[in-house]
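Below: the structure, in structure tokens.
Where a number appears in this text, it was derived from the coordinates with a stated rule and is not lab data. In this text the structure is predicted, and so the values were computed from the model without any measurement. Here the Cβ is made from the backbone with ideal geometry for all residues, glycine too, and neighbour counts use every protein chain on show.
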Amino acid sequence: MDGIVGVYKEVWKKLNISNDAFIRTSDRSHEETVVKLIDRIKKKGDIYKGQYEGWYCVPDESFWTELQLIDRKCPECGRAVKLVKEDSYFFRLSEYQDKLLELYRKNPDFLSPEFRSKEIINRVKDGLKDVSITRTTVKWAVPFPGDSAHYIYVWVDALTNYISALDWPDGDAFGTFWPADVHLIGKEINWFHSVIWPAMLMSAGIELPKKVFAHGWWTVDGRKMSKSLGNFISPIEMAERYSVDALRYALLREMPLGEDGDFSEKTLTARLNNELAAELGNLLNRTLTIAEKFDGELAGKQELPDPEIKKIDDAMLRLDTFGALNEIFSFIRAANKYVNDKAPWKLKGKELGSVLYNLLEACRIISILMSPFTPETSEKMNMQLGVKTGTLKDCRFMEYNGKAKKGELLFRKIR
């Protein structure tokens with residue numbers, strides 16, 4: 001397990017993914033929080049002892065009903081399941097059916113994206129059964145308080161991570177950051193996060209997260225990536241071959257975040273060549289080539305429209321990165337059209353100064369808008385534009401005060 005943790009940390013570092021903390025459910029502070037949560041739910045009267053029988057997928061650590069199995073195999077991974085029967089402690093999930101339905105009705109954004117909500121709501125409407133929350137055979141898990149023969153089921157343990165990371169119940173971080181704005185999860189664990197977790201929080205008297213967003217899978221030839229299937233693609237290899245930013249961009253650009261998408265190097269290459277190199281990179285390169293030779297005054301009226309900042313901001317708040325990038329590239333294409341229409345290589349004096357002002361400001365704004373998606377590229381743009389890193393409030397045409405100096409191409413086309 002320590003080796004796997006190290007791999008994840010190294011991958012995130014190489015892919016320029018930042019995090020405030022890396023939480024492991026084996027951390028002592030986490031185990032203490034799990035016990036506190038279970039004790040609170042027990043005091044509410046929502047835990048009782050009984051006997052559990054169900055179909056268990058060992059690799060996925062998940063239980064399934066007879067109806068959910070596909071050809072008597074796990075509906076998620078397709079591997080064999082085994083029938084498990086043992087004494088267990090149960091959480092009274094059935095008591096929260098009406099409360100969960102009321103939650104979904106009053107907070108329509110809680111289950112996101114919207115097209116995934118119907119499945120959850122219909123399953124809850126069909127009736128909820130109490131869920132087993134302990135095992136007797138998994139000795140490495142957190143011991144169940146009051147009964148040393150039982151260990152807390154991995155998913156109850158894992159879900160508690162959201163509040164143990166914030167030092168619930170009395171930590172300053174919990175008071176500052178909870179309730180969470182969003183839980184971003186894979187669609188295969190949507191049931192745990194959208195049904196079991198909010199019911200547990202209701203039982204414990206803890207405020208619920210504002211949204212659960214279930215993203216889709218990257219597939220290859222329509223099948224989920226899996227080492228066991230042999231169709232796994234290494235993100236590190238892709239990043240080393242095409243650059244980290246090209247990979248990040250292609251993944252976010254190819255499909256809306258909530259849907260499944262089929263990955264291929266062909267589409268990645270097309271995005272790199274046609275958008276990052278030919279549109280974004282070429283715009284900056286043409287602008288700086290002319291700016292370096294210009295020794296007049298960079299001043300004039302704004303001739304390019306401001307980008308649709310509200311649309312972009314709203315899309316990002318909805319986790320619609322696909323829609324946000326559509327809007328950003330509409331602005332990039334408008335700037336490229338402006339270059340072609342104005343033909344600045346034919347201009348001189350004040351007229352050229354005015355056109356350059358518009359182009360340099362457009363590039364500065366684009367570097368800000370692209371920074372969540374291609375952070376290294378935005379830094380390179382700022383260096384060549386001679387400006388400091390800006391924020392969303394700076395995405396408007398102002399007085400350009402940088403010193404342009406063309407550097408290496410942002411992206412090189414793949415032949």
TODO: May I ask you to sort C395, C363, C77 by Cβ crowding, counting other Cβ atoms within 10 Å and putting the fewest first?
DONE: C77, C395, C363
Open item on the list: Below 19 Å, Cα to Cα, which aspartates and glutamates can K85 reach? Residues fewer than 8 away in the same chain don't count.
Closed with: E53, D60, E61, E66, D130, D147
Task: Nitroxide proxy distance, nm - points 7 Å out along Cα→Cβ at F115 and D98 - done: 3.5
TODO: Mind pulling up the Rg/Rh value for region 2-219? Radius of gyration and Kirkwood radius, both on Cα.
DONE: 0.94
Task: Inter-probe distance in nm under a simple model that places probes 7 Å from Cα toward Cβ, at R24 and A343 - done: 6.6
Open item on the list: Could you tell me how many cubic angstrom of Cα convex hull volume region 235-394 has per residue?
Closed with: 116
TODO: Decide, for region 1-79, between rounded, prolate and oblate: order the square roots of the alpha carbon gyration tensor eigenvalues as a ≥ b ≥ c, take rounded if a/c falls under 1.5, and otherwise choose prolate if a/b is larger than b/c, else oblate.
DONE: oblate
Task: Residue-averaged 222 nm ellipticity for the chain, from DSSP H runs of 4+ at -39500 (n - 2.57), nearest 500 - done: -13000 deg cm²/dmol
Open item on the list: For a quick check of your reading of the filter: which trypsin sites (Lys or Arg not before Pro) in region 312-403 sit in a DSSP loop and have no more than 14 other Cβ atoms within 10 Å?
Closed with: K348, K388, R396, K403
Task: Whole-Hz couplings from phi, Karplus 6.51/-1.76/1.60, listed for region 153-161; x for Gly and Pro - done: 4, 3, 6, 5, 4, 5, 5, 5, 3
TODO: Counting other beta carbons within 10 Å of each Cβ, put D27, D130 in order, fewest first.
DONE: D27, D130
Task: Within region 5-100, GluC sites (Glu not before Pro) in DSSP loop having at most 13 other beta-carbon neighbours inside 10 Å - done: E61, E66
Open item on the list: I need the shape label for region 306-400. Rule: rounded when a/c is under 1.5, else prolate if a/b > b/c, else oblate, with a, b, c from the alpha carbon gyration tensor.
Closed with: prolate
TODO: Quick one: order S164, S148 by neighbouring beta-carbon count within 10 Å, fewest to most.
DONE: S148, S164
Open item on the list: Using DSSP to call loops (not H, G, I, E or B), can you name the GluC sites (Glu not before Pro) in region 177-256 whose Cβ has at most 15 other Cβ atoms within 10 angstrom?
Closed with: E207
